[in-house]
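Written below as structure tokens is the structure these notes are about.
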Amino acid sequence: MNPAPHLIFWGSLFGAFTFVCGLVLTRVILGPVEKFVVEAESLGVTKTGGVHGDSPKAKDEMARYTTVFRQVSEVLNRIEARKLFPEIVAQSKAMRQVLSQIKRVAPTDSTVLITGESGTGKELVADSIHRHSQRNGRRFVKINCAAIPDTLLESELFGYEKGAFTGAAARKPGKFEQANGGTVFLDEIGDMPLETQAKILRVLEEKEVDRLGGVRPIPVDVRVVAATNRNIQKMVADGAFREDLFFRLNVFPIQLPPLRERPEDIPFLIEEFMKFSSKESTISPPAMHILCAHQWPGNVRELRNAVESSLLFGKEVVEPEHLPPALAGSMAVPTPAGVLISGEDESLDLDFRLQELEKGILVEALKRSDGVQAQAARLLGIKERSLWHRVKKYGIDVSQIRRHTRQ
């Protein structure tokens, strides 16, 4: 039996109503979203779509929206990082993860163990932890455990009473007492003698110190942040560092990446270092490429010294010849296979070789920046528009480079 005519009518009307509502909701809700996505892509904020990426019609719309919002969120995170931590250059994902860790642990009183190679900025991170903590109005006391002789380290840390030893003409409070209510930063704690390690553990457990020559313990309220460039876990296994102290310090570990693992930060670091120079100078693209290609075994400290030295030798523009001799090994830039080989290709003319060399440098910069042209231009020390013309000239497929770097 056929359904009643009135049921067919009301069913059709309901279907039409649902369709119209769907169109309205699509226009009201997705319209602004689509406008936001298109504007973000056209401004170069995102890595896909728009004028520099693949056609959005070839992709699933929701996947495209998700990608754009994720990348815009990443840009906003960078802006927030620069606002909260202006003293730390953190354009790279690795360093932004470090800043996230600082934000998480700073408001607490947990001990922090910062590890990383020499020159990676461990003291800078410790200072940021203190400044973003609830103790930021109190003292931040630093002590380098490797720079003080073992015989003097305990008196520096815990203080002494008058007459405790020859030359102790007056009572002197130690670093822990000086930092009462604040933070103590124990740098290079891996170089601390085992005997002193035991006393540090007692301070952490009992929250009190014993001055040399003293007769009663002194209560202290301090937060401890420690750092080392040594493999402290191996030291524990070898018996060179107390296991119980390691566990007490390693409540919240922060591992700083070496500069070679965050090359995208190098141009921004150079820009910061140049602000402290009295000279108005710029870095030429070839010199910038050498600086970005160097492995920097001394990390940020070595880079700062290299920039300072180059500014002394250079004039308005720092060229490769103004860079320190140690960077000479970075002069060899990546080139496409077969460009600078001998044999049957010896007949290739100079212009062809130079063009292939330039193309290879462009591709390498785009790979390092994950296909973000604005960042690749900064790495090369040129304007983004100039990079765009070169990419177009050599027919470089930026979208293919992006897909390759994400695999």
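Within segment 165-209, the trypsin sites (Lys or Arg not before Pro) that combine a DSSP coil assignment with at most 13 other C-beta atoms in a 10 angstrom radius are Lys207. Residues of segment 169-206 with amide nitrogen under 19 Å from the 7 Å Cα-to-Cβ point of Asn305? Those under the cut-off are 188. Applying the criteria of a DSSP loop state and at most 15 other Cβ atoms within 10 Å to the chymotrypsin sites (Phe, Trp or Tyr not before Pro) of segment 121-226 yields Phe165. Among residues other than Asp150 with Cβ under 12 Å from its Cβ, the summed charge is -4 (Lys and Arg +1, Asp and Glu -1). Rg over Rh for segment 184-236 works out to 1.01, both radii taken from alpha-carbon positions and Rh defined as the Kirkwood radius.
Each principal axis of the Cα cloud of segment 146-225 was taken in turn, and the coordinate range along them, longest first, works out to 31, 25, 18 Å. For the pair Leu212 and Leu124, the difference between a 0.36 nm per residue extended length and the Cα-Cα distance amounts to 28.6 nm. Considering segment 119-173 at the alpha-carbon level, its Rg and Dmax are found to be 15.1, 42 Å.
Entry comment: accessible area of segment 79-156 is 49 Å² per residue, from protein heavy atoms only and a probe of 1.4 Å.
Placing a pseudo-label 7 Å from each Cα along the Cα-to-Cβ vector at Val251 and Asp370 gives an inter-label distance of 3.3 nm. Over segment 224-301, the reciprocal of the mean inverse Cα-Cα separation, the Kirkwood hydrodynamic radius, stands at 15.7 Å.
Ignoring ligands, DNA and RNA, what percent of the accessible area of segment 215-279 is carbon or sulfur (1.4 Å)? In segment 215-279, the share of accessible area belonging to carbon and sulfur is 50 percent.
The values are calculated or read from the model by the stated rules, or taken from the named source; none is laboratory data. Everything numeric in this text was worked out from a predicted model, so none of it was measured. Reconstructed Cβ throughout: ideal geometry from the backbone, glycine too, with neighbour counts over all protein chains shown. Quick note on the areas: whole protein, heavy atoms, side chains included, nothing else; ligands and nucleic acids left out. Shrake-Rupley method; radii C 1.70, N 1.55, O 1.52, S 1.80 Å.
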